[in-house]
Amino acid sequence: MRTGRKTTVRSFGSSWLGLVLTLVAGQIAAQQTEISGTVKVAVIDVQRLVVESTKGQAVLEKLRSLTEQKQAEADAMQQEVRDLEARVQEGHISLSEERFAEIEKELEDKLIAYQRFEDDAQREMQEEQARAFAEIEGEMMPIITQAGTELQYTLIFNKFSSGLLFAKDEVDITDLILQRYNAATPEDD
């Protein structure tokens, strides 16, 4: 009896899925017929916008500076760990068991602190990068929308993140958006 129920449920699920797919296909076909005239497509190299825009360059410099700062802190912590490791090696013979255990505990604590620091620094860098890029994207979207409307584009794709495999150079409007974005955003000191 259980087998019959599973078959019935599967049949119902398959029928329901087929109905949904048919409705969706009909909706897509209806939307496609609503688009009249020529479809005008453009692409934008978002990575270039970030790297070449004035604000993007400032953000990248800030991230570089933060990376260097975190690396200097990590280097100092690594040196402390190396120094303690050397003391453990040297003290194996000359130190009392109690003092040797203290140094080993200190080394263990420094290693844990270093690992936490690395994790926190990586998370901080990722969060800062995501925040900064989201801010730039938020500022660019109205510019992209305005350019798309003015130039009567039907679709504008992110050149490398949209699954797009090929686009002629003529449909790339990155330079236009970059120019408008730089003009619209004030330079930060």
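Some notes on this structure:
- Test for residue 131: is it within 30 Å of residue 81 (Cα to Cα), at pLDDT 90 or above and either out of contact with any helix residue (DSSP H, G or I) (no Cβ under 8 Å at 6 or more places or on another chain) or not assigned by TED's automatic domain parsing to the domain that holds residue 70 (or both): no
Per-residue answers, yes or no, for (1) in contact (Cβ under 8 Å) with a residue 40 or more places away in the chain; (2) hydrophobic (A, V, I, L, M, F, W, C); (3) surrounded by 11 or more Cβ atoms within 10 Å (Cβ to Cβ):
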site: 52; (1), (2), (3): yes, no, yes
site: 56; (1), (2), (3): yes, no, yes
site: 59; (1), (2), (3): yes, yes, yes
site: 70; (1), (2), (3): yes, no, yes
site: 78; (1), (2), (3): no, no, yes
site: 94; (1), (2), (3): no, no, no
site: 97; (1), (2), (3): no, no, no
site: 103; (1), (2), (3): no, yes, yes
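Here's the yes/no breakdown for (1) touching a Gly at 6+ places or on another chain (Cβ under 6 Å); (2) touching a residue at least 40 places away in the same chain (Cβ under 8 Å):
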position	(1), (2)
83	no, no
100	yes, no
113	no, no
117	no, yes
149	no, no
153	no, yes
159	no, yes
172	no, yes
180	no, no
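- Residue 122 being part of a helix (DSSP H, G or I) and within 15 Å of residue 47 (Cα to Cα): no
- Scope the range 139-172; condition closer than 16 Å to residue 50 by Cα and in a loop (DSSP other than H, G, I, E, B); matching residues: 159, 160, 161
- Scanning the range 112-144 for residues that are over 15 Å from residue 58 (Cα atoms) and of a type in the set (Gly, Ala, Ser) yields 113, 121, 138.
- Flag if residue 110 is surrounded by 12 or more Cβ atoms within 10 Å (Cβ to Cβ), over 23 Å from residue 75 (Cα atoms) and either in the same structural domain as residue 71 (by TED's automatic domain parsing) or touching a Phe, Trp or Tyr at 6+ places or on another chain (Cβ under 8 Å) (or both): no
- Filter result for residue 89 (in a helix (DSSP H, G or I), closer than 30 Å to residue 58 by Cα, free of Cβ contacts under 8 Å to residues at least 24 places away in the same chain and over 21 Å from the mean Cα position of the chain (by Cα)): no
The values are calculated or read from the model by the stated rules, or taken from the named source; none is laboratory data. What you see is a predicted model; the values in this text were computed from it and never measured. Cβ: placed from backbone, ideal geometry, glycine included. Neighbour counts: every protein chain shown.
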